[in-house]
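Quick notes on the structure that follows.
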Amino acid sequence: MKAVQVTGYGDINKLEVVDINIPEPGENEVLIQVKACGINNTEIWMREGAYGTGSKSGWRPEGVQFPRIPGSDITGTVVKTGKQVASSMIGKDVVLFPFTSSGEEGYEHISDDMSFIGSEYDGGYAEYVVWPAHLCFDMPLQSFTESAVFSVSGLTAWHMVEQIQVQPNETVLVTGANGGVGSLNVQIAANVFGAKVIAVVGDLTLEEKLKELGATHVVSYKSKDLAHEIQQINGGPIDSVLDVVGDALFSISLQVLKNGGKFCTSGSAGGQKTELDFRTLYLKHITLYGSVLGTKAEFARMLDAISQGKIKPVIDRTFPLQEAREAQTYFKKAGKLGKIVLIP
């Protein structure tokens, strides 16, 4: 089969298209013919060593083992089953829950042995992938490509919104609102939980598209006085922030939060380190949340909302599998709206 492997830490030249054997499913696994695989920051940062190198590079103590096939937002068709899996699964179109874990229900995402597809296991930058049968869910939409944009980004966004317990008519500020997680944060907060959303982007030409997704207001981080603009729009401080940017907007986020406000982050594309004056934290009674991925129950609730049309796929562009280097390069460009998807 054709696959794209990461051969080590470095630039896109560390991505190589190879011909390797089709993997065999284990007893409780299925073999899936991959139809689409969304791109995430996760696999790019892993390749670049942004999470660290060696033992610090992955989710497990031993770190990422190279060569590794990346990719975690995967849809496809089951074509073979392991000995302990019902043959009736063959032919089923599925979307993959993106990690394994022995954690208790509701806590599986924070278990010490949580292992991620595309990091600890070979992932979806390939024509075939094996995965545990019980972690394969029915696709929420008929399109493989459209169903492939939710697994990691959608689960992360859904978990963020549930963590801060968004209530109807609260105001939520969403940073990086044109990205994979950000565009889903907008939809989930507004269309599922009934919040008013202020979306932060760089390019205001995206304003109408983001309003179509559910944003009430759209502002640019390039504003001369962004904090004032946000509070003026809202008529005062906001209830919570869903952040994927990190340092670049951290100070402004805390500034515009109300007393008792909540700040939840799942990314740091605008800077991984920041300064924090603890007085702001305790004097305003702000709660900080770190967030990534989520639980199987949340995944199921998200898929149900997608199937009901409350959350829509947002796709910027697709690339053939062999152009993974070009796709990851394009992924890092500013001004996109939604996900980039590889098609084997």
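Once you have the alpha carbon radius of gyration of the stretch 224-298, what is it after dividing by 2.2 N^0.38 Å, with N set to its residue count? Show your work: numbers first, answer last.
Values: Rg = 13.0 Å, N = 75, 2.2 N^0.38 = 11.3 Å.
It is 1.14.
Rg then Dmax, both in Å and based on the Cα atoms of the stretch 271-325: 19.1, 53.
Computed over the stretch 134-284, the range of Cα coordinates on each principal axis works out to 48, 33, 30 Å, biggest value leading. Computed over the chain, relative contact order equals 18 percent, with contacts defined as Cα pairs under 8 Å that lie 6+ residues apart.
Summing +1 for each Lys or Arg and -1 for each Asp or Glu, what net charge is found among the other residues whose Cβ lies under 13 Å from the Cβ of Ser72? Each step should come with its number before you reach the end.
Details: positive: Arg68, Lys339; negative: Glu43, Asp73, Glu120, Asp122.
Within the 13 Å Cβ shell, the charges total -2.
The residue among Pro67, Ala177, Gln84 whose Cα reaches farthest toward the positive pole of the charge dipole of the chain, with charges on the beta-carbon of Lys, Arg, Asp and Glu, is Ala177. Sparsely packed loop sites in the stretch 76-138 (the chymotrypsin sites (Phe, Trp or Tyr not before Pro) outside DSSP H, G, I, E and B with at most 13 other Cβ atoms within 10 Å) comprise Tyr107.
Set the Förster distance to 25 Å, then compute FRET efficiency between Gln165 and Lys2 from the Cβ-Cβ distance, nearest 0.05. My answer for the efficiency is 0.05.
Hey, what angle do you get for helix 247-256 against the long axis of the chain, alpha-carbon based, 0 to 90 degrees rounded to 10? Result, in degrees: 40.
For the stretch 271-344, which GluC sites (Glu not before Pro) are both in a DSSP coil and crowded by at most 12 other Cβ atoms within 10 Å?
Values: sites: Glu275, Glu298, Glu323, Glu326; in loops: Glu275.
Passing both the DSSP loop test and the Cβ count: Glu275.
The candidates Lys222, Lys196, arranged from most to least accessible area with a 1.4 Å probe in the full protein assembly, appear as Lys222, Lys196. Consider a paramagnetic label point 7 Å from the Cα of Glu27 along Cα→Cβ; state which residues of the stretch 129-172 have an amide N under 20 Å from it. Only 130-136 fall inside the zone, counting backbone N under 20 Å.
Over the stretch 162-215, with every protein chain in place, what whole percent of the accessible area is carbon and sulfur at 1.4 Å, could you tell me? Show your work: numbers first, answer last.
Details: 810 of 1890 Å².
Here it works out to 43 percent.
Measuring nothing but protein heavy atoms, the accessible surface of the stretch 23-151 at 1.4 Å probe radius is 45 percent carbon and sulfur.
Summarising the amide proton neighbourhood of Tyr121: residues at separation of 5 or more, or on other chains, whose placed amide H is nearer than 5 Å comprise Phe116.
In this simple spin-label approximation, Ser220 and Asp304 carry label points 7 Å from Cα along the Cα→Cβ vector, and these lie 4.2 nm apart.
Extension gain, Ser115 to Leu276, is 54.8 nm, computed as 0.36 nm per intervening residue step minus the present C-alpha separation.
Of the GluC sites (Glu not before Pro) found in the stretch 94-178, those that fall in a DSSP loop while having at most 10 other beta-carbon atoms within 10 Å are Glu104, Glu105. Taken over the stretch 176-228, the ratio of Cα radius of gyration to 2.2 N^0.38 Å equals 1.05.
Based on protein heavy atoms only, the chain ends up with 43 Å² per residue of surface accessible to a 1.4 Å probe. A dipole drawn for the stretch 106-251 from +1 and -1 charges on Cβ atoms has a positive end, and of Thr145, Gly123, Val192 the residue lying farthest that way is Val192. Residues whose amide H falls under 5 Å from that of Gly76, counting only those 5 or more places apart or on a different chain, are Lys35, Val94, with hydrogens built in the peptide plane. For the stretch 232-344, what log10 I(q)/I(0) values come out of the Debye formula at q = 0.18, 0.19, 0.22 1/Å, with one point per alpha carbon and no solvent? Result of the Debye calculation: -1.11, -1.14, -1.21.
Using Stokes-Einstein with the Kirkwood hydrodynamic radius over Cα pairs, what translational diffusion coefficient do you get for the stretch 9-49 at 25 °C and a viscosity of 0.890 mPa s, in µm²/s rounded to a whole number? Reported coefficient: 188 µm²/s. Surface listing: Ile311, Ile20 arranged by accessible area from highest to lowest gives Ile20, Ile311, probe 1.4 Å.
Residues Ser240, Ser87, ordered by accessible area of protein heavy atoms at a 1.4 angstrom probe radius and largest first, appear as Ser87, Ser240. Over all other residues within a Cβ to Cβ distance under 11 Å of Met160, the charged ones net out to -2, with Lys and Arg as +1 and Asp and Glu as -1.
The values are calculated or read from the model by the stated rules, or taken from the named source; none is laboratory data. These figures come from a predicted structure and were not determined experimentally. Methodologically, a virtual Cβ is constructed for each residue, glycine included, from the backbone with ideal geometry; neighbour enumeration extends over all protein chains shown. Remember, those area values only see protein heavy atoms, side chains included, never the ligands or the DNA or RNA. Shrake-Rupley method; radii C 1.70, N 1.55, O 1.52, S 1.80 Å.
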